Amino acid sequence: MIEIRAVTKTYDGGGPALAGLTLDVREGEALAVLGPSGSGKSTLLNLVAGLDRPTEGTVTVAGTRVDELSETALARYRRERVGMVFQFFNLLDDLTVLDNVLLPAQLSRVPRRAARDRAEELLGKLGVLGHARAFPGRLSGGERQRVAVARALMNRPPLLLADEPTGALDSASAAGVRDLLAELNAEGQTMLLVTHDTVLAEACASRTIELADGRVTRMVTR
Ligand code: ADP
Ligand code: ADP
């Protein structure tokens, strides 16, 4: 699903954020990426998400050379091929929960009726359908992250990317989100998780890598 080959990323005026990284994630696999601050985790996620391009090397996701896509093709790739979940949810506070979840489908011009059915099905599955008409500000952190996961999955992306998905949650909500991600992976969802939460890594990921200075320093397969 993800093939990263000899990827180096250098930002202006700095050493390499990623230094010759080669990494594969198989379809259906959940890979957790751990490592201290500054080790290159966000850089890796951004390259796979098509938010940035490598300085050298190639990034292939579900058969698409992401590093070679035009800006227009990248926008479409981000909308339809990857779902993203963030530490602070990134929901739009002036849209209802339902409208937040519908947004990716609207941008991709999915017919309204089909999109609505899909959104309600996802909200139900993730246990937040009762909040469909509420605004995100009324929900707990754990509930907001469930909504964010529903939005990320709206367009059935082959790949789910998560950046510290439990980082802003109390322990009970974090446990709920961990269970949810583990369940999605058990159903076959391929995932790349960047996290400091070793419990999340153990609960969800079949493989964990540790980065330091843009290199893999440890890989644990379970
Ligand atoms: P992590 O997510 O593990 O904290 P990052 O990928 O954010 O690590 O950062 C890796 C290295 O790249 C760090 O040295 C960081 O300072 C640098 N870096 C990240 N983003 C930028 C940027 N936009 N401009 C310059 N340097 C950056
Ligand atoms: P979490 O630890 O998951 O963030 P909270 O302690 O914030 O949970 O919220 C617990 C419950 O209170 C949730 O069911 C949530 O819907 C409700 N709640 C939280 N904030 C508000 C609010 N501003 N208005 C109404 N209900 C709220």
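Here's how it looks for residue 83: its modeled amide H is under 5 Å from those of 159, 160, 161, which are all 5 or more places away or on a different chain.
Could you check what % of the DSSP bridge pairs in the chain are antiparallel, to the nearest 5? For the chain, the DSSP antiparallel bridge percentage is about 55. You can think of it this way: the chain between residue 73 and residue 170 has 31.1 nm of extra reach, that is 0.36 nm per residue less the Cα-Cα gap. Taking the centroid of alpha carbons for each part, the range 63-130 and the range 181-222 are 23 Å apart. Net length available on complete extension from residue 37 to residue 58 is 5.1 nm, with 0.36 nm assigned per residue and the Cα-Cα distance removed.
Solvent-accessible area of the chain (1.4 angstrom probe, protein heavy atoms only): carbon and sulfur portion equals 48 percent. The order of 12, 170 by accessible area, most exposed first and with a 1.4 Å probe, is 12, 170.
Each stretch of four or more DSSP H residues adds -39500 (n - 2.57); spread over every residue of the chain, this sum gives -11000 deg cm²/dmol at 222 nm. Which shape class applies to the range 3-65: rounded if a/c is under 1.5, otherwise prolate when a/b exceeds b/c and oblate if not, where a ≥ b ≥ c are the square roots of the Cα gyration tensor eigenvalues? Verdict is oblate for the range 3-65. Each 10 Å bin from 0 upward holds the following percent of the Cα-Cα pairs of the range 112-222: 13, 43, 31, 10, 3. Along the Cα-to-C-beta direction of residue 202, a point sits 7 Å from the Cα; which residues of the range 169-189 have their amide N less than 15 Å from that point? Only 175, 178-179 pass the distance filter. Taking all protein chains into account, the per residue accessible area for the chain stands at 46 Å² (1.4 Å probe).
Projected onto their three principal axes, the Cα atoms of the range 2-221 cover extents of 47, 39, 33 Å, largest first. Full extension of the chain segment joining residue 220 with residue 187 gains 9.7 nm, where the gain is 0.36 nm per residue of separation less the Cα-Cα distance.
The modelled label-to-label distance between residue 22 and residue 109, using points 7 Å beyond Cα along the C-beta direction, is 4.2 nm. Rounded to the nearest Hz, the phi-derived 3J(HN,Hα) couplings of the range 203-212 under the Karplus curve 6.51 cos²θ - 1.76 cosθ + 1.60 (θ = phi - 60°) are 6, 10, 9, 7, 8, 10, 10, 10, 9, 8, where x marks glycine and proline.
The values are calculated or read from the model by the stated rules, or taken from the named source; none is laboratory data. All of these numbers come straight from a predicted model, not from anything done at the bench. Note that we place each Cβ from the backbone using ideal geometry, even for glycine, and neighbour counts take in every protein chain shown. Calculation scope for accessible area: heavy atoms of the full protein, side chains included, ligands and nucleic acids excluded. Shrake-Rupley method; radii C 1.70, N 1.55, O 1.52, S 1.80 Å.
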